[in-house]
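Step one of this worksheet: look at the structure below.
The values are calculated or read from the model by the stated rules, or taken from the named source; none is laboratory data. Predicted, not measured: the structure shown is a model, and the values here were computed from it. With ideal geometry, Cβ positions are generated from the backbone for all residues, glycine too; neighbour counts draw on all protein chains shown.
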2 protein chains.
Amino acid sequence: MYICLMYSKEIIKGTLKPIILKLLQEHNRMYGYEITQKVKELTKDKIQITEGALYPLLHKLEAEGIVTTEKESIGKRVRKYYKLTETGNSKAAELIDEFIDFMATMKHILDPNLSPGYGTAQ
Amino acid sequence: MYICLMYSKEIIKGTLKPIILKLLQEHNRMYGYEITQKVKELTKDKIQITEGALYPLLHKLEAEGIVTTEKESIGKRVRKYYKLTETGNSKAAELIDEFIDFMATMKHILDPNLSPGYGTAQ
DNA sequence: GACTAATACATAAATCTTTTATGTATATTT
DNA sequence: AAATATACATAAAAGATTTATGTATTAGTC
């Protein structure tokens, strides 16, 4: 079986948003750095979120009302926690479901033997 | 369960290359328009490849030596068939394996219940 | 005590992919 | 005759992410 340490950049494109929303769904509130570490841990270093991608997206999600923030002081440092709003919660559920459905479709294309029942359920 | 007719654009990013390479792996040779139709058919219209994305990528794959082309006249129209080179074949296998592995990782993040054995096999 | 790595945020330029728009031309169906 | 499908192609604009850079605190190591 194919083993890789870290995925090539192109492959990860477009997956950041569902990842973040899923983690926020599960953890109530998280701060940026925590998200990067959680993803590293969950994926055994295969996916490493860059800060240049993460923070602008978090800010955008806030501007869209998907998440709200609260700052918290840890010693002299300030952490910014993100949590889903009510709207954000349903948006998150939608997007994650769409992504899972999409992956089933991709699996059907890429590995037909592993998705024998594709399309039978309507 | 969530049903959607067509995936949002962002979600599909980065998936075009593995899709094309997989189809070429399976069909020996295909022409551009044929690829768009095959993908539409396989995914029940959920993924529709735009020509503006397809043709530049095919040209790039040719420039990189992943595919070769042969033109064929159908009446007064000319079709351009693409097929994998030997190098292209192994590159395709690599990329597809990486993508499948990546999807397993994503599934593990997004839907932990459906990937209980994640990471047990080494 | 000084240095390094980790924690924690942020932004901006450059890169890359894809969409949207446009163009050309033939073949088929209504 | 007109509309739709087939078949290629390119170019400007939009969008996401990388790479690079910046600031500052905290913890661990030599």
Has the stretch A:72-79 got any residue that is in contact with a helix residue (DSSP H, G or I) (Cβ under 7 Å, 6 or more places away or on another chain) and either crowded, with 17+ Cβ neighbours inside 10 Å or not small (Gly, Ala, Ser) (or both)? no
Between B:Ser73, B:Ser8, which is modelled with pLDDT under 95, within 13 Å of chain A (Cβ to nearest Cβ) and within 15 Å of DNA strand D (Cβ to nearest atom)? B:Ser8
Which residue, of A:Val78, A:Val39, is part of a strand (DSSP E or B) and within 15 Å of DNA strand D (Cβ to nearest atom)? A:Val78
For the stretch A:29-36, state whether one or more residues are more than 11 Å from DNA strand C (Cβ to nearest atom) and either of a type in the set (Lys, Arg) or under 23 Å from A:Asp101 (Cβ atoms) (or both). no
Please identify the pairs in which a residue from the stretch A:23-40 that is over 20 Å from B:Met106 (Cβ atoms) has its Cβ atom under 6 Å from the Cβ atom of a residue that is of a type in the set (Ser, Thr, Tyr) and surrounded by 15 or more Cβ atoms within 10 Å (Cβ to Cβ), counting only partners at least 6 apart or on another chain. A:Arg29/A:Tyr81; A:Tyr31/A:Tyr81
Restricting attention to the stretch A:39-70, the residues that are surrounded by fewer than 12 Cβ atoms within 10 Å (Cβ to Cβ), more than 10 Å from DNA strand C (Cβ to nearest atom) and away from chain B (no Cβ under 12 Å) number exactly 2
Meets criteria (in contact with a strand residue (DSSP E or B) (Cβ under 9 Å, 6 or more places away or on another chain) and buried (at least 17 other Cβ atoms within 10 Å of the Cβ)) for A:Ile20: yes
